[in-house]
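The values are calculated or read from the model by the stated rules, or taken from the named source; none is laboratory data. Owing to the predicted nature of the structure, the values given are computational and were not obtained by experimental measurement. Virtual Cβ from ideal backbone geometry, glycine too; neighbours counted across all protein chains shown.
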Amino acid sequence: MVTSTNSNAYWAVIPAAGKGSRMASETPKQYLPLAGKAVIEHTIQVFIEHPKISGVVVVIASDDSMWPEIRMTFEAQTMMAIGGAERCHSVLSGLDVLQPRATPQDWVLVHDAARPCLRVADIDRMIDELSGHSCGGILAAPVRDTLKRCSVDGEVEQTVDRTRLWHALTPQMFRFEVLRNAIEIALNNELIVTDEAQAIETAGGSVRIVEGHVDNIKITHPADLALAEMYLEIQGRG
């Protein structure tokens with residue numbers, strides 16, 4: 001892990017403090033086995049092996065008993081932070097760890113721990129397309145399915161035009177100071193943002209879309225593990 005403080009460095013923050021209750025498992029989803037490793041190991045690996053990533057912060061729960069064993073694999077290549085009640089608190093904690101190392105104009109790529117199939121090509125594309133941007137942007141995929149807006153009792157009210165709709169993915173990549181300030185503004189206004197882009201939007205910043213691969217899935221349900229294993233095998237990482 002590089003600890004350079006040169007401007008325009010790229011850092012990764014991986015929130016991993018969630019429990020993943022929808023997986024119906026006592027083991028948090030980021031630690032479930034996938035292709036011979038824990039899910040989070042695949043996620044971390046893609047960042048620590050990327051030549052432009054200067055350092056990786058993994059944000060864990062205060063009562064996480066599984067991270068120490070995983071960390072042994074990445075001891076010299078990762079930093080650790082303790083997460084909070086919501087994702088935005090955890091990301092802010094990760095930014096606090098980077099504070100002594102990062103410059104205001106550095107880039108931070110925030111990526112879900114449970115997205116192990118991220119392609120190196122998508123990181124490269126984000127860096128290429130966003131490096132001249134004032135704020136940053138997010139990896140996303142265009143909506144392909146027909147969308148329906150429903151009433152509270154489940155009746156279809158409207159078919160939604162999907163022409164300009166995108167599925168938000170991660171990483172979400174923003175300049176260090178811009179992102180930190182945006183999250184602090186949201187929290188000071190008692191707004192719990194669901195992703196980094198929402199924090200930027202709320203603070204009045206601009207967010208650019210970078211199209212990514214649809215195999216960058218998030219492990220949410222048990223069936224996702226088999227799908228992720230297939231994608232990793234196709235990518236040559238299985």
Answer yes if at least one residue in the range 129-136 is without any contact (Cβ under 8 Å) to a residue 60 or more places away in the chain and not aromatic (Phe, Trp, Tyr), and no otherwise.
-> yes
Reported set for the range 167-198 where residues are farther than 23 Å from Ile53 by Cα and either in contact (Cβ under 8 Å) with a residue 60 or more places away in the chain or of a type in the set (Phe, Trp, Tyr) (or both) is Glu184, Ala186, Leu187, Ile192, Val193, Thr194
Would it be correct to say that Pro51 is at pLDDT 95 or above, under 22 Å from Tyr10 (Cβ atoms), surrounded by fewer than 17 Cβ atoms within 10 Å (Cβ to Cβ) and in contact with a helix residue (DSSP H, G or I) (Cβ under 7 Å, 6 or more places away or on another chain)?
-> no
Kindly check whether there is at least one residue in the range 94-108 that is more than 14 Å from the chain's Cα centre (by Cα), surrounded by 16 or more Cβ atoms within 10 Å (Cβ to Cβ), of a type in the set (Asp, Glu) and modelled with pLDDT of 95 or more.
-> yes
How many residues does the range 1-28 contain that are surrounded by 17 or more Cβ atoms within 10 Å (Cβ to Cβ), under 22 Å from Ser93 (Cβ atoms), modelled with pLDDT under 95 and touching a helix residue (DSSP H, G or I) at 6+ places or on another chain (Cβ under 8 Å)?
-> 3
When the residues of the range 74-115 are filtered to those that are free of Cβ contacts under 8 Å to residues at least 40 places away in the same chain and of a type in the set (Asp, Glu), which remaining residue is farthest from Lys29 (Cα to Cα)?
-> Asp96
Does any residue of the range 182-202 turn out to be of a type in the set (A, V, I, L, M), part of a loop (DSSP other than H, G, I, E, B) and more than 20 Å from Leu139 (Cα to Cα)?
-> yes
Inspect all residues belonging to the range 58-75 and state whether any of them is within 12 Å of the chain's Cα centre (by Cα), of a type in the set (D, E, K, R) and either more than 23 Å from Ala199 (Cβ to Cβ) or at pLDDT 95 or above (or both).
-> no
Going through (1) in contact with a Leu (Cβ under 7 Å, 6 or more places away or on another chain); (2) surrounded by 14 or more Cβ atoms within 10 Å (Cβ to Cβ); (3) of a type in the set (A, V, I, L, M) one by one, Val120 fails only at (1)
Only residues that are part of a strand (DSSP E or B) and buried (at least 16 other Cβ atoms within 10 Å of the Cβ): list them for the range 209-238, please.
-> Ile209, Val210
